[in-house]
1. Quick one: residue 189 ticks every box in (1) surrounded by fewer than 19 Cβ atoms within 10 Å (Cβ to Cβ); (2) at pLDDT 95 or above bar one, so which box is it?
2. Give the number of residues within region 84-103 that are free of Cβ contacts under 8 Å to residues at least 12 places away in the same chain and either closer than 15 Å to residue 41 by Cα or in the same structural domain as residue 154 (by TED's automatic domain parsing) (or both).
3. List every residue pair whose Cβ atoms sit under 9 Å apart, with the two residues 6 or more apart in sequence or on different chains, where the first one lies in region 111-130 and is among the basic types (Lys, Arg) and the second, anywhere, is part of a helix (DSSP H, G or I).
4. Do you know which of the residues in region 51-83 that are under 24 Å from residue 41 (Cβ atoms) and among the charged types (D, E, K, R) is surrounded by the most Cβ atoms within 10 Å (Cβ to Cβ)?
5. Among the residues of region 142-171, which ones are of a type outside the set (Phe, Trp, Tyr), free of Cβ contacts under 8 Å to residues at least 40 places away in the same chain and assigned to a loop (DSSP other than H, G, I, E, B)?
6. Here are 179, 141: which of them is of a type outside the set (S, T, N, Q), at pLDDT 80 or above and more than 25 Å from the chain's Cα centre (by Cα)?
7. Within region 1-78, considering only helices (runs of 4 or more DSSP H) that don't extend past its boundaries, which have at least 3 residues that are modelled with pLDDT of 85 or more and charged (D, E, K, R)?
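The values are calculated or read from the model by the stated rules, or taken from the named source; none is laboratory data. Quick caveat, the model's predicted, so the values are computed rather than measured. Glycine gets a Cβ as well: all are built from the backbone with ideal geometry, and neighbour counts include every protein chain shown.
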Amino acid sequence: MSSTPTQNSGGKRGKREGEDRIFTVPNLLSTVRLILIPVFFVVYVFFNQTILGCVIFALAACTDWIDGTVARATGAVTKLGKVLDPFVDRLLLIFGVIAVFVTGRIPLWIMILLFARDIVLGSLTLWMKNKHGNDLTVSYVGKTATAFMMTAFASLMVDWPMVSGLGWFEISWLPGFGVGAFSLGIFLAYIGVVLQWVTAGIYLYRGLRYGTTAKDHGPSLREIKRAQAQSEQVNSEKAAE
């Protein structure tokens, strides 16, 4: 009977040690993806190598799916990976949207909406971390939105496949709604932007709801740390006396 607590504490300690690992296959894949981002941008934008740039971008995007799958299958989910993976994902999307914008393949408002979304969620994440010590968990809708945007950018980079416009109206900042041939990527981008903001709404709801719930259940992480720091200071002063 007495061995159960020891086994439980050992299991928890082993889990913490596993989460603290740095050199794992998923983290390595995230690092590779991070390195590929500037390579893709330089090749595509500055050297105007559309096919090669698209291949590098697609390869980087694929590593996102691979490292997540490997992490879950092998139990190699780490603290570093939880931070590094979403950070590199957003960085890839940011450089992807800039690349297709500066080459004239998407209107400015799509880039603005994606940047605004990241600013909103970045602020919410910092508030959650600082106030309550928690991060926002990635939702299925968020993963789907990212997949749509990645596919859209890859399609727009090479203007393939081409599809007929909807023929509804001619507005320069809404390509695809007029007459003519357009990259399928522009329609995927529209869907992706909508899903990105649906995800933002979900995250905002979760964050605000958690903040309200946490307020009803005691002090925040910042308040606890402040109290601990004050207690340590008092103890130090007493020891000095």
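1. The one condition residue 189 does not meet is (1).
2. Of region 84-103, the ones free of Cβ contacts under 8 Å to residues at least 12 places away in the same chain are 87, 101.
Now restrict to residues that are either closer than 15 Å to residue 41 by Cα or in the same structural domain as residue 154 (by TED's automatic domain parsing) (or both): 101.
Going through region 84-103 one residue at a time, the tally reaches 1.
3. 117/193; 117/196; 117/197; 117/199; 117/200; 129/221
4. Here the answer is 67.
5. 161, 165, 166, 167, 170, 171
6. 179
7. Qualifying helices (runs of 4 or more DSSP H): none found.
So that you can scan it fast, the table gives a plain yes or no per residue for (1) within 24 Å of residue 48 (Cα to Cα); (2) in contact with a Lys or Arg (Cβ under 6 Å, 6 or more places away or on another chain):
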site	(1), (2)
69	no, no
75	no, no
88	yes, yes
93	yes, no
112	yes, no
119	no, no
147	no, no
155	yes, no
